[in-house]
Structure formats: C-alpha cells, structure tokens
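Please read the structure below before turning to the comments.
The values are calculated or read from the model by the stated rules, or taken from the named source; none is laboratory data. Source: prediction; values computed, not measured. Cβ coordinates were reconstructed from backbone atoms using ideal geometry, including for glycine residues, and neighbour counts include every protein chain displayed. Protein only, heavy atoms only, side chains kept; ligands, DNA and RNA dropped before computing areas. Shrake-Rupley method; radii C 1.70, N 1.55, O 1.52, S 1.80 Å.
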Amino acid sequence: MCTDPSWKSAIGLVLDAIEYQQKSTIDMQKSDKIYYAFSRNTNNQIDTLVNDVGVPGKNCGLSKSPFRPSDDAHRLPFSIASNAMASVSLAQISDVLKQGACQNSDLSSRAASLSKTLKQAVEQWGVVTHQVFGKIYAYEVDGFGSFYSMDDAGIPSILSLPALGFTTIDDPVYQQTRKLLLSDYNPYFFSGSAGEGIGGPHIGLGWIWPMGIINRALTSNNDTEIRQCLNMLKTSSAGTGFMHESFWKDDVTKYTRSWFAWCNTLFGELILW
C-alpha cells in the first residue's frame, strides 16, 4: 500500500488537516476563505456547533476536533484524548515512512515533528489541577486556560490513554485522573443495580456504555477489577450474545442498539488481550 503514490498523498493531506486545525479560531476566520464549519437546525445543542465553528480555541499547539468520537459536539475545541491518539499515530506513521519502499524522509520528519508538538501541547495544556484530585488529564481545553473535566465512553477517551500508547497505567497523573473518572466527580459515570461505568451525553444520564467498561478492563492491571468488568459485560448482553451501545444502570434488558459493531470489535480485542 505504501508504494502507491496516492497513499503518501493521503498522509500529506492528513498532516495538512491536523496542522490547519492548530490555528486559532479567530485567525482561521480572518484569513481563510474556506474553513471547517457545521450547523444544523436542532433542539439538541450537542448536534451542532456554536456559531457554525464551535467555541473559540487559541493557538497552543493542539489541534481542534469539533466533534467527539460519539458524534456529539465538543464543549471546548481541543480534545486531549484525540490529540494524544494523534501524537501516537503520527509517531507510528513516521516510523513506517522510514522503511524500505515506504521511505519518504520529508513526510516522515513532518509527521515526527507534529507528533512531538501535539505531545508537548497535551502535557502543557491537558494536564490541569483539579480541586479534589490534584493533577489530572482534562477532557477538553480551549487554549485560553479553561478546561472541562469528565470522560465519555467513546474512544479515544481519557480512560483509554494507556491503551492508546500515550502513557502508562502507573503514570501518577493518569492514576489520579482514573480515580476521578470512575467516581461521581465524572458527570457521566453511572452506578446502579445492573452495573457501573462511563456513559456520555449521546444517550443521556443513567445509561452505561459497555465500551467504557471494556476501556476500564484494558487499562487495569488489577485482576479483581478486570474480572468485575468481564462479569458486568457478560451480564450487560442480556442473553443476546452481543455488546450493546448502552444499558440502563438498573436493568440490562433496557439497552440501545441490539448489535453495536464498534463495541463488539473492542470486546474481541479485550478477550484477545
């Protein structure tokens, strides 16, 4: 694949897009005739962007992501988990572009440089001080100093940072963040008689996503916690043999999406892991 000129061209376009979204929102609108914008008529604020471009972001090295993995609009423009994942993936792409027929020194250097920039920006802007948990990874930031502390079950997520390869499970900042995310200080962590786990605004309060439980297991080195997650996942299938998008915290027979490919695939990864 990498010998195909169109593949290397596509990599260049990906780098262009990530670099372009590093611009501040105001500079983008001032200087560019064409920029990313999205709007729709809706009564749900998570389905569209403020003023078509989202909440303003300041140039800080991070790259903007207007929508979350769940397709919900971001509250703040820079997703820490998305930037972390991009940093890891760009480093991997850089390595591929150093090898044999795939070799392209210009693209490789560009990807490596962008990977380093994103990693440094995550460490500078994405690590914040929480009033209860101290140093943690924020979910979203704006580059002006504001941050949003929470997590969503969709990957990339803050909980999944070690699984993505950005940090390690024993990273002290990650451990403090994990404690927050798996507590009622995360507005989208739910607990009930049917289980506990992270959900998100996409379905609403009280709905636990099996994907969040899988993420928890993938980022744990505690056998008891992993067994707990596996038991909850088995129960959450409600006898269907499949992972669902979400289930009600007090009743696994109340679920959304009878077959959710994204989550079923991730479950398979967990079992192989």
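For segment 49-65, which residues satisfy the criterion of being surrounded by fewer than 19 Cβ atoms within 10 Å (Cβ to Cβ) and either at pLDDT below 90 or under 18 Å from Ser157 (Cβ atoms) (or both)?
Val50, Asn51, Asp52
Here are some residues: Tyr255, Tyr185, Tyr174. Which one is open to solvent by less than 30 Å² (accessible area, probe 1.4 Å) and of a type in the set (Ser, Thr, Tyr)?
Just one listed residue meets the conditions, Tyr174.
Only one of Lys98, Lys135 is open to solvent by 30 Å² or more (accessible area, probe 1.4 Å), free of Cβ contacts under 8 Å to residues at least 12 places away in the same chain and in contact with a helix residue (DSSP H, G or I) (Cβ under 6 Å, 6 or more places away or on another chain); which?
Lys98
Given the conditions (1) over 20 Å from Ile158 (Cβ atoms); (2) of a type in the set (A, V, I, L, M, F, W, C); (3) out of contact with any Phe, Trp or Tyr (no Cβ under 6 Å at 6 or more places or on another chain); (4) surrounded by 15 or more Cβ atoms within 10 Å (Cβ to Cβ), report the number of the one that Phe38 does not fulfil.
So the condition that Phe38 fails would be (4).
Limited to segment 15-59, what total is found for residues that are without any contact (Cβ under 8 Å) to a residue 24 or more places away in the chain and assigned to a helix (DSSP H, G or I)?
8
In segment 209-242, which residues are open to solvent by less than 10 Å² (accessible area, probe 1.4 Å) and not in a helix (DSSP H, G or I)?
Trp209, Thr219, Ser220
So which residues in segment 102-124 are open to solvent by 80 Å² or more (accessible area, probe 1.4 Å) and not in a helix (DSSP H, G or I), if there are any at all?
Within segment 102-124, just Gln103 meets the criteria.
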